[in-house]
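Below: one structure, written as structure tokens.
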């Protein structure tokens, strides 16, 4: 045995965000599943502990069964309220406060969206909202683009984690800029969780191989033909990617190197 | 008993009064443990729902957690 740590010790190192430790480095959303049963089984299969939810008006004309807490137990999962759909700092702060009141912790996944077509973040509004919420005692996990400067400012603002995108929300395009993600991870001390854009297991694996601390995904599971199987695949891919990163890959070379001895060949 | 006109989740409603916010939730068939109440842009904490009176013209938002990413 040449390694310093057994593989299960490596992947088992917990992820700590805002003073809380989590075993799983995969976080999942609860939106867009075809059925609530699919959602519950997929989340279970993913092994995720942190599960995101949105804050919306109660529909007073329909049954109250649409609330996600009728299907997911807050004792079983760490519920992370988001501010999805908010287009200004003020609106995001309002939703964050409502989420904290509805919820079970001080964590918020902060989104301030700047454009309806791309759903890319409004980084100015994001920073303003982050500063306000940190002041109010929130543990802010900030969804941002893959820009180092914004990531550094979010860290300076006191965010508990910075969440750069792999590619736009719901696009499934995978990790389009590994260099930016690696740079952000290298320069920040706060946990870096890649949020949005992962489409399939190989995307998750490649993303984790960049050394980031975790991944948050929703559509890749909800829109898979078999969400439960995809959730299991994503759980394995996140672990595989994490372990490969810790193992340290071989160098890339543009020449072949034989794997078998060149000496000892028959004459 | 009289009636109060209030806006709940963007819609004008006539509700029985006088009423506390807890009464209003009961009138709407909602479990106070699963709903967060915002009255005139201020969150009313769950423990205060039973002592906070609904006033004529109040704007009330009732929210909860739904699926999201």
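In whole Å, what is the distance between the alpha-carbon centres of region A:173-227 and region A:107-125?
Here the two parts' Cα centres lie 18 Å apart.
In percent, how large is the relative contact order of region A:7-246, given Cα pairs closer than 8 Å and 6 or more residues apart?
20 percent
Placing one identical point scatterer on every Cα of chain A and ignoring solvent, what is log10 I(q)/I(0) from the Debye formula at q = 0.07 Å⁻¹?
-0.26
Working from Cα positions, state the angle (0 to 90°, nearest 10) between the long axis of helix A:123-135 and the longest principal axis of chain A.
Once rounded, one gets 70 degrees.
At q = 0.13, 0.20 Å⁻¹, work out log10 I(q)/I(0) for region A:84-156 with the Debye formula, treating every Cα as an identical point scatterer and leaving solvent out; two decimals please.
Once normalised to I(0) and log-transformed, intensities are -0.32, -0.76.
Which three extents, in whole angstrom, do the alpha-carbon atoms of region A:77-213 cover along their principal axes, largest first?
Rounded to whole Å, the extents work out to 37, 31, 30 Å.
Per 0.36 nm of contour for each residue apart, how much would the distance between residue B:45 and residue B:59 grow if the chain were fully extended, relative to their Cα-Cα spacing?
Roughly 3.4 nm would be gained on extension.
Using Cβ contacts closer than 10 Å as the measure, can you line up B:11, A:185, A:109 from fewest to most?
Ordered by Cβ neighbours within 10 Å, fewest first: B:11, A:185, A:109.
Report Rg(Cα)/(2.2 N^0.38 Å) for region B:2-63, keeping two decimals. Walk me through the numbers on the way to the answer.
Values: Rg = 10.2 Å, N = 62, 2.2 N^0.38 = 10.6 Å.
Cα-based Rg divided by the globular estimate yields 0.97.
What value, in deg cm²/dmol to 500, does the helix sum -39500 (n - 2.57) over DSSP H runs of n ≥ 4 give at 222 nm once divided by the residues of chain A?
So the helix-based figure for chain A works out to -11000 deg cm²/dmol.
Checking a compactness column here: for region A:165-242, what do you get for Rg(Cα) / (2.2 N^0.38 Å), N being the number of residues?
The value comes to 1.02.
Between residue A:91 and residue A:187, what is the FRET efficiency for a Förster distance of 30 Å, r being their Cβ-Cβ separation, to the nearest 0.05?
0.50
What distance in nm lies between label points placed 7 Å from Cα along the C-beta direction at residue A:244 and residue A:257?
Once both label points are built, they end up 1.8 nm from each other.
For the residues A:124, A:101, what sequence is obtained by ranking on other C-beta atoms within 10 Å, fewest first?
A:124, A:101
Given a Förster distance of 30 angstrom, what is the FRET efficiency for residue A:13 paired with residue A:223, based on the Cβ-Cβ distance and rounded to 0.05?
Given R0 = 30 Å and the Cβ-Cβ separation, E is 0.45.
Provide the percentage of antiparallel DSSP beta bridges, counting only those with both residues in chain A; round to the nearest 5.
The antiparallel fraction comes to roughly 15 percent.
Sort B:64, A:71 so that the residue with the fewest other Cβ atoms within 10 Å of its own Cβ comes first and the one with the most comes last.
A:71, B:64
Rounded to a whole number, what is D in µm²/s for region A:19-106 from Stokes-Einstein with the Kirkwood radius over alpha-carbon pairs (25 °C, 0.890 mPa s)?
For these conditions, the coefficient is 174 µm²/s.
Please find the FRET efficiency linking residue A:177 to residue A:136, where r is the Cβ-Cβ separation and R0 is fixed at 25 Å, and quote it to the nearest 0.05.
The computed FRET efficiency comes out at 0.15.
None of the figures in this text is laboratory data; all of them are computed from the coordinates on show. Everything numeric here is computed off the predicted structure, so don't read it as measured data. Every residue, glycine as well, gets a Cβ built from its backbone with ideal geometry; the counts of neighbours run over all protein chains shown.
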